[in-house]
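The values are calculated or read from the model by the stated rules, or taken from the named source; none is laboratory data. Because the structure is predicted, anything quoted here is derived from the model rather than measured. Because the Cβ atoms are built from the backbone with ideal geometry, glycine has one as well, and the counts that use them run over all protein chains shown. Please note that ligands, DNA and RNA were not included when accessible areas were found on the heavy atoms of the full protein model with its side chains. Shrake-Rupley method; radii C 1.70, N 1.55, O 1.52, S 1.80 Å.
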Amino acid sequence: MTGTSKLLRDSKNTRWGMLLIISFVMFAAYIASDNIFSVEKTLMDPVTYGVTQVEYDNLAGAYSIFNVYLLMLIFGGLILDKMGIRFTGIMSCLLMVAGIGMLTWSLFDLRGLVAAGTETGYTNFLGAKLRTPVFWAVMGIGIYGVGAEIGGITATKAIAKWFTGYEMALAMGLQLALARLGTGIAYGATPVIVSAANGNVGIAVLIGLVLLCIGLVAFLFYSIYDKRLDRQIAEAGMRDSTGSPEDEFHFKDTVQVIKNPAFWMIAFLCLLFYAAVNPFLKYSTGMMISKFGVSDTLAGLFPLILPMGCIVLTPLFGGIYDRKGHGADLMIFGAVLITCVHLLFSAPFITSKWIALILMALLGVGYAMLPSAMWPSIAKIMPAKLLGTTMALTFYIQNIGFIFVPKAIGAIKEATDDNYTYVMLFFAGLGVIAMLLSVCVKILDKKKGYGLQIPNIKSDRPE
C-alpha cells in the first residue's frame, strides 16, 4: 500500500459503520447508568426498597467514587494512550458488565429482604450508614462508572481516529445523541417496566445488563476493523498517533496537558456544565412530582424531553461546527441557555406543567449545543497522541462534580424542607460560572489560535 492509497476510514460507509458500533456501546451504557434514577419514588417506598435519602444520595454519587478517589479514570486515560483503543475498549466493556451485574444482584437481594421483613446489616461508607445490599449497589455503580467513563474517552479517541479531516464534530454529535437516546429511554421506559413488574426495579436494570453484553460483542467486532486500519496506516508509512499510540505516547508527555491553560478552562467548563445538567436529571422526577404536580408515571417522561432533543440537535450543532466553525460561540450560547432555564425553574410562581415542558425542551437545546462544540474542541487543542490522557483528566474533573453535587443537593433539600427553588438556584449558579469560563475559552482561542472558530472539515479529503 502506498502513501496515496485509500484507508478504511476514507470509505464513508466504513467509518460511519464504526461510529454506529461505538455509539451502540455508549447507548447501552447510558441506559444501564440512568434507569434506576427514573424511579426515585419507587426506590424510596418503604414497601418496595425503603431507600433512605442518604442512601439515594450515595447511589446518585456512586458513579464517580472510584474515578475520583482512586484516580481510576486518570489511569484509564494513560492506559488508553499507551495500550490503544482496542485493549482499553474491551476492558471498559467488561467493567461495565461486572458493575451492572453487581447492581442487579443487589437490587434483587434488597427487594427480597424488604418483602420478607428481614433485618439486614449496615456498612459505614464515607461517613454514611448504608444497608449492606445498598452498599454493594453503590460498589456496583462505582465499578460500572470506571468502565463507562473509560469507555467514553475511548469512544472519543476512536471517533477522532476515524473522522479526522472529515465530519468529526458531526460524528461526535451523533454519538452523543445516541447516548442521550439511552438516557431518554431509561427515564421514559423504566417507570413503565417497573410498574408492569410490580415495582421490581431489578428487572429494568437486568435489561440494561443484557444490552451491555451485546455492546461487548459489538466492540469485539469493531476491534477487527480497528486493527486493519492500524495495519494500513503502518503499511502506508504514515505517522498517525491515534493509530499506533504504543509507539508514540510517553508518560512524560502528560506535562503538556497540565501546562495548557485551555485544557483547564475546558475541563472546568465540562465540570460545571455537566454538574448543572446530569445531577439535575437524577432529581428532576422528584421536582416534577412535588412542584409541578405530575404523576409518578408521567414524571419520568419530562426528563425524556432533554435527551430526545439532543438526538436531533447535537448532530445539527456538530454539523454547524464542522462546516461553519464558531465552536467557542456554541459553548457560550449553550451555557447561557442552561443558566436561564435553571433560573426560571427556581421561580416559585412557575408551577404550570406546560411551562415545565417548555423549559425542559430549552434545556435540551443547551444540553446539545455546548457538548457538540466542547468535545471536538479538545481534539483541536491537544495533539492526538495525548487525547486519551486529556479526555481522562477532563472526565476526572467532571466526575468530581458528579460526587459532590448530589451531596450538596441532598443538604439543600434537607435544610429547606425539599424546597426546589434553592436547588435550582444552585444549578443556576453553576451555569453562571460556566458562562464566564466559555467566554474565557473564546478569548484564549483568539490569542493562541487553536482554531475553535474555524470549520473542522477539510475539503481536500477523498471519499
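Would you point out the residue of region 198-228, among those that are touching a Lys or Arg at 6+ places or on another chain (Cβ under 8 Å) and of a type in the set (D, E, K, R), that is surrounded by the most Cβ atoms within 10 Å (Cβ to Cβ)? Ranking the qualifying residues of region 198-228, first place goes to Asp226.
Of all residues assigned to region 45-58, at least one qualifies as being of a type in the set (A, V, I, L, M), touching a residue at least 40 places away in the same chain (Cβ under 8 Å) and under 23 Å from Leu298 (Cβ atoms). Note on region 239-283: residues that are modelled with pLDDT of 80 or more, β-branched (Val, Ile, Thr) and surrounded by fewer than 16 Cβ atoms within 10 Å (Cβ to Cβ) total 1.
Evaluated against (1) more than 26 Å from Ala218 (Cα to Cα); (2) at pLDDT 90 or above; (3) of a type in the set (A, V, I, L, M); (4) surrounded by fewer than 18 Cβ atoms within 10 Å (Cβ to Cβ), Ala137 falls short on exactly one condition, (4).
Against the definition (outside any helix (DSSP H, G or I) and touching a Phe, Trp or Tyr at 6+ places or on another chain (Cβ under 9 Å)), how does Thr339 come out, yes or no?
Considered against the rule, which asks whether it is outside any helix (DSSP H, G or I) and touching a Phe, Trp or Tyr at 6+ places or on another chain (Cβ under 9 Å), Thr339 comes out as no.
Does Gly184 satisfy the condition of being at pLDDT below 80, on the phi < 0 side of the Ramachandran plot, surrounded by fewer than 23 Cβ atoms within 10 Å (Cβ to Cβ) and in a helix (DSSP H, G or I)? Give the derivation first.
On the way: at pLDDT below 80: yes; on the phi < 0 side of the Ramachandran plot: yes; surrounded by fewer than 23 Cβ atoms within 10 Å (Cβ to Cβ): no; in a helix (DSSP H, G or I): yes.
The answer is no for Gly184.
Of the residues that make up region 82-91, is at least one surrounded by fewer than 23 Cβ atoms within 10 Å (Cβ to Cβ), free of Cβ contacts under 8 Å to residues at least 12 places away in the same chain and part of a helix (DSSP H, G or I)? There is at least one residue in region 82-91 that is surrounded by fewer than 23 Cβ atoms within 10 Å (Cβ to Cβ), free of Cβ contacts under 8 Å to residues at least 12 places away in the same chain and part of a helix (DSSP H, G or I). For region 343-391, filtered to residues that are among the polar types (S, T, N, Q) and crowded, with 24+ Cβ neighbours inside 10 Å, the residue that is nearest to Lys291 (Cα to Cα) is Ser372. Quick check: anything in region 395-417 in contact with a helix residue (DSSP H, G or I) (Cβ under 8 Å, 6 or more places away or on another chain), more than 24 Å from Tyr63 (Cα to Cα) and outside any helix (DSSP H, G or I)? Yes: region 395-417 contains one or more residues that are in contact with a helix residue (DSSP H, G or I) (Cβ under 8 Å, 6 or more places away or on another chain), more than 24 Å from Tyr63 (Cα to Cα) and outside any helix (DSSP H, G or I).
For Trp136, state whether it is farther than 26 Å from Gly401 by Cα and touching a Phe, Trp or Tyr at 6+ places or on another chain (Cβ under 9 Å).
Numbers: farther than 26 Å from Gly401 by Cα: no; touching a Phe, Trp or Tyr at 6+ places or on another chain (Cβ under 9 Å): yes.
Spelling it out, it is not the case that Trp136 is farther than 26 Å from Gly401 by Cα and touching a Phe, Trp or Tyr at 6+ places or on another chain (Cβ under 9 Å).
Residues in region 99-120 that are without any contact (Cβ under 8 Å) to a residue 60 or more places away in the chain and in contact with a Phe, Trp or Tyr (Cβ under 9 Å, 6 or more places away or on another chain): how many? Of the residues in region 99-120, 5 are without any contact (Cβ under 8 Å) to a residue 60 or more places away in the chain and in contact with a Phe, Trp or Tyr (Cβ under 9 Å, 6 or more places away or on another chain).
Pairing residues of region 68-79 that are in contact (Cβ under 8 Å) with a residue 24 or more places away in the chain and on the phi > 0 side of the Ramachandran plot with residues that are assigned to a helix (DSSP H, G or I) and aromatic (Phe, Trp, Tyr), at Cβ distances under 8 Å and at least 6 apart in sequence or on separate chains, gives Leu71/Tyr396. For region 440-463, filtering for residues that are hydroxyl-bearing (Ser, Thr, Tyr) and either at pLDDT 90 or above or under 29 Å from the mean Cα position of the chain (by Cα) (or both) leaves 1.
Taking the conditions exactly as written (farther than 22 Å from Tyr274 by Cα and either touching a Leu at 6+ places or on another chain (Cβ under 8 Å) or not aliphatic (A, V, I, L, M) (or both)), does Gly401 satisfy them or not?
On the way: farther than 22 Å from Tyr274 by Cα: no; either touching a Leu at 6+ places or on another chain (Cβ under 8 Å) or not aliphatic (A, V, I, L, M) (or both): yes.
No, not satisfied.
Here Ala434, Ala428 are screened, and the one residue that is touching a His at 6+ places or on another chain (Cβ under 7 Å), open to solvent by less than 20 Å² (accessible area, probe 1.4 Å), within 15 Å of Phe273 (Cβ to Cβ) and not polar (S, T, N, Q) is Ala428. The set of residues in region 392-407 that are open to solvent by 30 Å² or more (accessible area, probe 1.4 Å) and farther than 30 Å from Val255 by Cβ contains only Lys407. If you check Leu298, Leu306 for being touching a helix residue (DSSP H, G or I) at 6+ places or on another chain (Cβ under 6 Å) and either among the hydrophobic types (A, V, I, L, M, F, W, C) or under 30 Å from Gly165 (Cα atoms) (or both), only one passes: Leu306. Candidates are the residues of region 25-61 that are in contact with a Phe, Trp or Tyr (Cβ under 9 Å, 6 or more places away or on another chain) and among the hydrophobic types (A, V, I, L, M, F, W, C); the one that is modelled with the lowest pLDDT is Phe37.
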